[in-house]
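S.K.: Supplied in structure tokens, the structure appears directly below.
The values are calculated or read from the model by the stated rules, or taken from the named source; none is laboratory data. It should be emphasised that the depicted structure is a prediction, and the values quoted were computed from it without experimental measurement. Note: ideal-geometry Cβ built from the backbone for every residue, glycine included; neighbour counts use all protein chains shown. With ligands, DNA and RNA removed, areas are computed over all heavy atoms of the protein, side chains included. Shrake-Rupley method; radii C 1.70, N 1.55, O 1.52, S 1.80 Å.
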Amino acid sequence: MGSERHTSVDEHTRSILVPHIGRQGAFVDALHDVQQAFGYLPEQALRVLADELKLPLSQVWGVASFYDQFYSVPRGRNIVRVCTGTACQVRGCQAVLQRMESVMDLKNGETSADRAFTLETVNCVGCCGLAPVVVINKKVVPNRDVERVIRDLSKGDEGDE
Amino acid sequence: MNIEQLTVLRTAAREKLLVRDGEKSKDGYEYHVLVCGGTGCVSSGCKSVRDTLIDEIKNRGLEEKVRVIVTGCLGPCNMGPIVTIYPDGTFYQRVKADDAVYIVREHLEQGRHIEGLMYRSPETGKLQDRWQDIDYFRNQKRLVLRNCGFIDPLSLEEYIARDGYAALAAVLEADSPEKVIDEITISGLRGRGGAGFPTGLKWGFVRKAPGTPKYVVCNGDEGDPGAFMDRSVLEGDPHSVLEGMVIGAYAVGASQGYAYIRAEYPLAIKNFTYAIELARANGLLGKNILGMGFDFDVEVRVGAGAFVCGEETALLESIMGRRGEPRPRPPFPAQEGLFGKPTTINNVETWANVPLIIHRGGEYYASIGTEKSKGTKVFALAGKVNNTGLVEVPLGTTLRQVIYDIGGGVPNGKALKAVQTGGPSGGAIPAKFVDVPISYESLAELGSIMGSGGMIVLDEDSCMVDLARFFMDFVQEESCGKCTPCRIGTRRMSEILTKMTQGRGTPEDLELLIELANVVKNSALCGLGQTAPNPVLSTTSNYRDEYDTHVKEQKCPTGVCPMRVAPSRVRK
């Protein structure tokens, strides 16, 4: 079982890396693509990446762990991110975060047991005019609509773009 | 295409935009309906407004009379979704899908304007039906934002109609690289990312630096929380940034460029990438640009959520696929930048200014602004202010004009307390300085910085200790950890501020906080660390009494801070 799974991660990762081989400094782009494919950065994929790009695994891990938006553990199918930029802070994002924690029964940074949702914060998405906002998957949602969107997503209605 | 073909295309493209200039069209369209498609309006539901408009226009058989165009960000995000109808420029705000049906039947079919969707001046109560008449726009000078909210950002033709790529054509045809650098120097343009370094001087260094190939880089890692100028320009007018980069590359002698855009801006990445493809397919990028023998290409690199990557040396590291850690300067990127080669790195707004300066002349640009701060600056106005959104004004405009004349003042009759400029690297400017003209120099004198243009309005309910805590939490989280003063200093300051906001601070803590702030400012490696103490320094000097109340009386005058938290809940 385990080795079969490895084989498929290996092959998938290799196919993702094809366009990046030989491109100068394309390593961060490659990580983005791998994460896009798996939803996070599986250790095995990083091993393949190190091998294919001829980099030490320590360097690969050093870069992957440096950036906030690379994840080493699986995340939820739906990502709810409370914006904590300055405008959202001034307009009460801490209360929004507390409300989300209680509505979703998750702490900031946690993923639900069924992997349906991850709750996290984000440093400003540039939607300060509508502050406070929450980003649900790729969509910026004004405060008043957040609970409705989450309810729809819980019902399995993929309302996002 | 070559220069001649560009000119022909421009003439044809202009005819298609006549309606938007308030003139009669030659192609049969009586109305252009512009739907703002910036990130703000997308989140308030502009897509269903657009779809309903298109459906209803079809239902009523008006397709030959009415064109619907989705634009980039127009600016006033709190009024979205926004629909503007030309030739008049009628401005409808907070439009819902149901209203869209009404707009088609009333305005487009009957020619009757809909009062209920119009903007009403909060002061006089009078309707302001055209966008040009609304105080928010009337008091701005939109040069960088000239096309934002006015053209379809995915249309090369519309950009060309608005004199797009005319500056590039003129430069390739008649100017030496040195002449281009001279023109930028004459304009007085200074880096819009925050530091305000003279752009012409920077380009001159790269031009003269030995080593090939040379690179140009666009810094689109707009990390300051509360700033979204670059997002809007990349979304709404991507070609202006691209044209600026091509002109810059010609001036410094570069053949490859990179645009580093933060991952939090998916629409900006999409629109800019599309602009690159269009430009390349039309001979405006790539080999032999406009048939004039100049080669240059641009690649987009997407950030991955690290604030420090806005610092130029960290950004270059990230483009090279490494940890985004800054390094000491010198050598400056102009000598040793990307892949060890001479590199000019400028912010999105700086690049967007370049075609404008070349097209209208350095002298024209230098006629706007103050003695040392030329041109206009785009600010992202947010926080406790009635009209939030993008605002472009000539430098030298006062904070009062921005917050009151354009921003419509502080909501709910509250008093203005301070304005935070420059994000976590800046400071809070007390309300008493609201009549100071905005320039790089004046903001520095007030203990803040111009920064990239974030402008957060704080009212009497805001606690300055809590504000400092907020920024310090942010910075200590984002500190890359390479140098000790920043890694440990910002952490200690954040802990002290947290203590204060929980009612456990002492007067000795306050002394230590100020001492630490000065140490970190003087000893950190890069701009992030050196400017990180600014919010602390500016609030402790201007609002000392508020700190004193926190540490001597264990009280928060505004009631924002959760004083007296049980010891078990205190953050470790």
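S.K.: Can you name the residue in region B:25-52 that is without any contact (Cβ under 8 Å) to a residue 12 or more places away in the chain and not in a helix (DSSP H, G or I) and, of all such residues, is surrounded by the fewest Cβ atoms within 10 Å (Cβ to Cβ)?
M.R.: Across region B:25-52, the extreme among qualifying residues is B:K26.
S.K.: Do you know which residues across region B:231-263 are surrounded by 24 or more Cβ atoms within 10 Å (Cβ to Cβ), out of contact with any Ser or Thr (no Cβ under 9 Å at 6 or more places or on another chain) and at pLDDT below 95?
M.R.: B:R262
S.K.: In region B:185-228, which residues are touching a strand residue (DSSP E or B) at 6+ places or on another chain (Cβ under 6 Å) and open to solvent by 50 Å² or more (accessible area, probe 1.4 Å)?
M.R.: B:P198, B:P213
S.K.: When you go through (1) open to solvent by 20 Å² or more (accessible area, probe 1.4 Å); (2) assigned to a helix (DSSP H, G or I) one by one for B:A468, which number turns out not to apply?
M.R.: It is condition (1) that B:A468 fails.
S.K.: If I filter region A:41-57 down to residues being within 13 Å of another protein chain (Cβ to nearest Cβ) and under 22 Å from the mean Cα position of the chain (by Cα), which single residue comes out as modelled with the highest pLDDT?
M.R.: Restricting to residues being within 13 Å of another protein chain (Cβ to nearest Cβ) and under 22 Å from the mean Cα position of the chain (by Cα), the top hit is A:L41.
S.K.: In contact with a His (Cβ under 9 Å, 6 or more places away or on another chain), among the aliphatic types (A, V, I, L, M) and more than 9 Å from chain B (Cβ to nearest Cβ), is that true of A:A37?
M.R.: Here the answer is yes, as A:A37 does meet what is asked.
S.K.: From (1) farther than 30 Å from B:D182 by Cβ; (2) modelled with pLDDT under 95; (3) among the small types (G, A, S), pick out the condition that doesn't hold for B:G310.
M.R.: (1)
S.K.: Same structure again: For B:F433, state whether it is out of contact with any strand residue (DSSP E or B) (no Cβ under 6 Å at 6 or more places or on another chain) and more than 12 Å from chain A (Cβ to nearest Cβ).
M.R.: Here the answer is yes, as B:F433 does meet what is asked.
S.K.: How many residues are of a type outside the set (V, I, T) and either part of a strand (DSSP E or B) or within 10 Å of another protein chain (Cβ to nearest Cβ) (or both) when one looks only at region B:288-313?
M.R.: Matching residues across region B:288-313 total 13.
S.K.: Just the residues that are over 21 Å from B:A166 (Cβ atoms) and surrounded by 24 or more Cβ atoms within 10 Å (Cβ to Cβ), please, taken from region B:335-368.
M.R.: B:G337, B:L338, B:P342, B:T343, B:T344, B:I345, B:N347
S.K.: Another question, then. Exactly one of these conditions fails for A:H12: (1) closer than 22 Å to B:R323 by Cβ; (2) buried (at least 16 other Cβ atoms within 10 Å of the Cβ); (3) within 20 Å of the chain's Cα centre (by Cα). Give me its number.
M.R.: Going through the list (1) closer than 22 Å to B:R323 by Cβ; (2) buried (at least 16 other Cβ atoms within 10 Å of the Cβ); (3) within 20 Å of the chain's Cα centre (by Cα), A:H12 breaks only (1).
Matching residues to (1) in contact with a strand residue (DSSP E or B) (Cβ under 6 Å, 6 or more places away or on another chain); (2) open to solvent by less than 10 Å² (accessible area, probe 1.4 Å); (3) of a type in the set (V, I, T); (4) at pLDDT 95 or above:
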| residue | (1), (2), (3), (4) |
| --- | --- |
| B:I488 | no, no, yes, yes |
| B:S494 | no, yes, no, yes |
| B:T501 | no, yes, yes, yes |
| B:G505 | no, yes, no, yes |
| B:S523 | no, no, no, yes |
| B:G527 | no, no, no, no |
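Yes/no per residue for (1) at positive phi; (2) in a strand (DSSP E or B); (3) open to solvent by 10 Å² or more (accessible area, probe 1.4 Å):
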site	(1), (2), (3)
B:N386	no, no, yes
B:V402	no, no, no
B:D405	no, no, yes
B:N412	yes, no, yes
B:K417	no, yes, yes
B:P424	no, no, no
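S.K.: Does any residue in region A:111-128 that is at the interface with another protein chain (Cβ under 7 Å from one of its Cβ atoms) come within less than 8 Å, Cβ to Cβ, of a residue that is open to solvent by 10 Å² or more (accessible area, probe 1.4 Å) and aromatic (F, W, Y) six or more places away or on a different chain, and which pairs are these?
M.R.: Filtered contacts from region A:111-128: A:N123/B:F307; A:N123/B:F474.
S.K.: Return the total of residues in region B:449-465 being surrounded by fewer than 24 Cβ atoms within 10 Å (Cβ to Cβ) and within 14 Å of chain A (Cβ to nearest Cβ).
M.R.: Adding up the residues that qualify gives 5.
S.K.: Have a look at B:L443, B:L467 and point out the one that is under 16 Å from B:T539 (Cβ atoms) and in contact (Cβ under 8 Å) with a residue 40 or more places away in the chain.
M.R.: Result: B:L467 is the single residue among B:L443, B:L467 that is under 16 Å from B:T539 (Cβ atoms) and in contact (Cβ under 8 Å) with a residue 40 or more places away in the chain.
S.K.: Right, next: Within region B:134-154, which residues are surrounded by fewer than 16 Cβ atoms within 10 Å (Cβ to Cβ) and more than 19 Å from B:L381 (Cβ to Cβ)?
M.R.: If the condition is that a residue be surrounded by fewer than 16 Cβ atoms within 10 Å (Cβ to Cβ) and more than 19 Å from B:L381 (Cβ to Cβ), then no residue fits.
S.K.: When B:R162 is evaluated against the numbered criteria (1) under 19 Å from B:V35 (Cβ atoms); (2) in contact with a strand residue (DSSP E or B) (Cβ under 6 Å, 6 or more places away or on another chain), which criterion, by number, is the only one it fails?
M.R.: Just one mismatch for B:R162, condition (2).
S.K.: Would region A:40-59 turn up any residue that is under 29 Å from A:E147 (Cα atoms) and open to solvent by 40 Å² or more (accessible area, probe 1.4 Å)?
M.R.: Yes.
S.K.: So, one more: Working only within region B:160-184, note down all residues that are open to solvent by 20 Å² or more (accessible area, probe 1.4 Å), assigned to a loop (DSSP other than H, G, I, E, B) and under 16 Å from B:Y250 (Cβ atoms).
M.R.: Listed by number, the residues that qualify are B:D175, B:S176.
S.K.: Still on this structure, please answer the following. Scan region B:77-98 and tell me whether some residue there is surrounded by fewer than 20 Cβ atoms within 10 Å (Cβ to Cβ) and over 32 Å from the mean Cα position of the chain (by Cα).
M.R.: Yes.
S.K.: Which pairs do you get when a residue that is farther than 19 Å from B:S255 by Cβ and without any contact (Cβ under 8 Å) to a residue 24 or more places away in the chain, found in region B:185-214, comes within reach of a residue that is of a type in the set (S, T, N, Q) and open to solvent by 10 Å² or more (accessible area, probe 1.4 Å), reach meaning Cβ atoms under 8 angstrom, with the pair 6+ apart or on two chains?
M.R.: From region B:185-214, the pairs are B:P198/B:T185; B:G200/B:T185; B:L201/B:T185.
S.K.: So, in region B:101-155, exactly how many residues are closer than 17 Å to B:V70 by Cα, over 29 Å from the mean Cα position of the chain (by Cα) and part of a loop (DSSP other than H, G, I, E, B)?
M.R.: Of the residues in region B:101-155, 0 are closer than 17 Å to B:V70 by Cα, over 29 Å from the mean Cα position of the chain (by Cα) and part of a loop (DSSP other than H, G, I, E, B).
S.K.: Can you find, within region B:265-291, the residue that is least open to solvent (accessible area, probe 1.4 Å) among those that are more than 17 Å from B:N347 (Cα to Cα) and at pLDDT below 95?
M.R.: The selected residue is B:L267.
S.K.: Checking the structure you have, find out if any residue of region B:248-267 is free of Cβ contacts under 8 Å to residues at least 40 places away in the same chain and within 14 Å of chain A (Cβ to nearest Cβ).
M.R.: yes
S.K.: Related question: Just to be sure before I move on: is A:L153 open to solvent by less than 30 Å² (accessible area, probe 1.4 Å) and part of a loop (DSSP other than H, G, I, E, B) in the structure I sent?
M.R.: So A:L153 fails the test.
S.K.: Out of B:L356, B:L316, B:L284, I need the residue that is assigned to a helix (DSSP H, G or I), hydrophobic (A, V, I, L, M, F, W, C) and more than 20 Å from the chain's Cα centre (by Cα). Which one?
M.R.: B:L316
S.K.: Take B:L108 and tell me if it is within 30 Å of B:T350 (Cα to Cα) and either in the same structural domain as B:F228 (by TED's automatic domain parsing) or touching a Leu at 6+ places or on another chain (Cβ under 7 Å) (or both).
M.R.: Criteria not met by B:L108.
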